[in-house]
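Q: What follows is a single structure, and I will ask about it in a moment.
The values are calculated or read from the model by the stated rules, or taken from the named source; none is laboratory data. The model shown is predicted, which means the values in this text are computed figures rather than measured ones. When we count neighbours, we look across all protein chains shown, and the Cβ atoms used for this are built from the backbone with ideal geometry, even at glycine. Protein only, heavy atoms only, side chains kept; ligands, DNA and RNA dropped before computing areas. Shrake-Rupley method; radii C 1.70, N 1.55, O 1.52, S 1.80 Å.
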Amino acid sequence: MKSCCQVQHRDGKKASSVNPDLKEKADFSKENMVLLEGGEFLMGTEDTEGFPADGEGPIRKVKLDPFYIDQYAVTNEQFAQFVNETGYVTEAEQFGWSFVFHLFLSKETLNKISQRPVGVPWWVPVEGSYWRHPEGPDSTIQDRMNHPVIHISWNDAKAYCKWSGKRLPTEAEWEYAARGGFVQKKYPWGDDLILGGKHQCNIWQGKFPVKNTKADGYLGTCPVDSFSPNGYGLYNMVGNVWEWCDDWFSPTYHLNNRTDNPKGPDKGSNKSMRGGSYLCHKSYCNRYRVAARSSNTPDSSTGNIGFRCVGDVN
């Protein structure tokens, strides 16, 4: 079963080298960050709802050093500041297009599209689509400055981290943070998807991919401070947008390697992503669970991939 966002679209082509040589900051701002103490936690799952082929299990003890993590995914406003200060050009801009979910596009635009990726036809390659124009040249983020930035590749996220003095979380750090202090719960808030009749995250309701009832209030992304935070004060750790992690993705590497601050394999083809997105639905992509995993190539970007940052204590 593919994830709702597993669409790789660069065909081996490389983006042109148009970006400045970013200098890494010596320190980072701890505003809107949370200090997590680390220690041991149970990572992974053996839940029957999981996908063993993704490497979600087995459950194992993992030990982490303390670290800081952003309360929120990086917003359009924050990314705009980065671009304004550095002149950075994202890979979606360099390639000239990115993938947009079909329901966000007009019939006129859809009629101009001659090809869609096999197996995931709801993703539409739209010319001129990137973080500042998420649905193409005629769209804007003016009323979405507090939404997570999207159409961001792993390489873009790393560039932002370098500029901000932060880094991307390891998968272990991300899962520890997402659990919010709970032990082996399915979601950041517990085992029930809906609490007291209220939705706890931004995912798909209805029949994927043709009808979203918006029972949680949103069709696409929502503001980064929407819904209740988890036990660590972190918002939208699942749903809304997929979040890049630093690790190369492997479904088996963790079976025979270290459990002390694990960082994944030294090389690979895809980078790990966590948390699911507004497109996830139990019938197709039940990956809004805290132990769920997915991946994509480092240069890939779509309308449901963003990121948040972490920082070292020392």
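Q: Out of 115, 78, I need the residue that is outside any helix (DSSP H, G or I) and either more than 25 Å from residue 226 (Cβ to Cβ) or open to solvent by 30 Å² or more (accessible area, probe 1.4 Å) (or both). Which one?
A: Exactly one of 115, 78 is outside any helix (DSSP H, G or I) and either more than 25 Å from residue 226 (Cβ to Cβ) or open to solvent by 30 Å² or more (accessible area, probe 1.4 Å) (or both), namely 115.
Q: Could you check the stretch 84-95 and list, in sequence order, the residues that are open to solvent by 30 Å² or more (accessible area, probe 1.4 Å) and either under 16 Å from residue 304 (Cα atoms) or in contact with a strand residue (DSSP E or B) (Cβ under 7 Å, 6 or more places away or on another chain) (or both)?
A: 93
Q: Give 133, 147 a once-over and let me know the one that is of a type outside the set (Asp, Glu), touching a residue at least 60 places away in the same chain (Cβ under 8 Å), open to solvent by 10 Å² or more (accessible area, probe 1.4 Å) and within 20 Å of residue 222 (Cβ to Cβ).
A: Step by step, each of 133, 147 is checked, and only 147 is of a type outside the set (Asp, Glu), touching a residue at least 60 places away in the same chain (Cβ under 8 Å), open to solvent by 10 Å² or more (accessible area, probe 1.4 Å) and within 20 Å of residue 222 (Cβ to Cβ).
Q: Could you look through the stretch 182-204, keep only residues that are of a type outside the set (A, V, I, L, M, F, W, C) and open to solvent by less than 20 Å² (accessible area, probe 1.4 Å), and pick out the one that is nearest to residue 101 (Cα to Cα)?
A: 202
Q: All but one of (1) within 17 Å of the chain's Cα centre (by Cα); (2) more than 15 Å from residue 291 (Cα to Cα); (3) of a type in the set (Asp, Glu) hold for residue 260, so report the exception by its number.
A: Among (1) within 17 Å of the chain's Cα centre (by Cα); (2) more than 15 Å from residue 291 (Cα to Cα); (3) of a type in the set (Asp, Glu), residue 260 violates only (1).
Q: Let me ask another. In the stretch 150-181, which residue that is more than 21 Å from residue 104 (Cβ to Cβ) and acidic (Asp, Glu) is surrounded by the fewest Cβ atoms within 10 Å (Cβ to Cβ)?
A: 171
Q: Can you tell me which residues in the stretch 2-39 are surrounded by 11 or more Cβ atoms within 10 Å (Cβ to Cβ), out of contact with any Cys (no Cβ under 6 Å at 6 or more places or on another chain) and modelled with pLDDT under 70?
A: Answer for the stretch 2-39, where residues must be surrounded by 11 or more Cβ atoms within 10 Å (Cβ to Cβ), out of contact with any Cys (no Cβ under 6 Å at 6 or more places or on another chain) and modelled with pLDDT under 70: 2, 5, 6, 8, 9, 10, 15.
Q: How many residues are more than 21 Å from the chain's Cα centre (by Cα) and farther than 20 Å from residue 285 by Cα when one looks only at the stretch 32-51?
A: 6
Q: Another question, if that's okay. In this structure, is residue 264 within 21 Å of residue 61 (Cα to Cα) and either modelled with pLDDT under 95 or not in a loop (DSSP other than H, G, I, E, B) (or both)?
A: It is true that residue 264 is within 21 Å of residue 61 (Cα to Cα) and either modelled with pLDDT under 95 or not in a loop (DSSP other than H, G, I, E, B) (or both).
Q: Residues in the stretch 98-130 that are touching a residue at least 24 places away in the same chain (Cβ under 8 Å) and in contact with a strand residue (DSSP E or B) (Cβ under 8 Å, 6 or more places away or on another chain): how many?
A: Of the residues in the stretch 98-130, 18 are touching a residue at least 24 places away in the same chain (Cβ under 8 Å) and in contact with a strand residue (DSSP E or B) (Cβ under 8 Å, 6 or more places away or on another chain).
Q: Does at least one position in the stretch 220-240 carry a residue that is within 17 Å of residue 57 (Cα to Cα) and not acidic (Asp, Glu)?
A: no
Q: Suppose we keep only residues that are β-branched (Val, Ile, Thr) and within 17 Å of the chain's Cα centre (by Cα) within the stretch 205-256. Which one would you say is most open to solvent (accessible area, probe 1.4 Å)?
A: Here the answer is 221.
Q: From (1) open to solvent by less than 40 Å² (accessible area, probe 1.4 Å); (2) within 18 Å of residue 304 (Cα to Cα); (3) not β-branched (Val, Ile, Thr); (4) not in a loop (DSSP other than H, G, I, E, B), pick out the condition that doesn't hold for residue 73.
A: Going through the list (1) open to solvent by less than 40 Å² (accessible area, probe 1.4 Å); (2) within 18 Å of residue 304 (Cα to Cα); (3) not β-branched (Val, Ile, Thr); (4) not in a loop (DSSP other than H, G, I, E, B), residue 73 breaks only (4).
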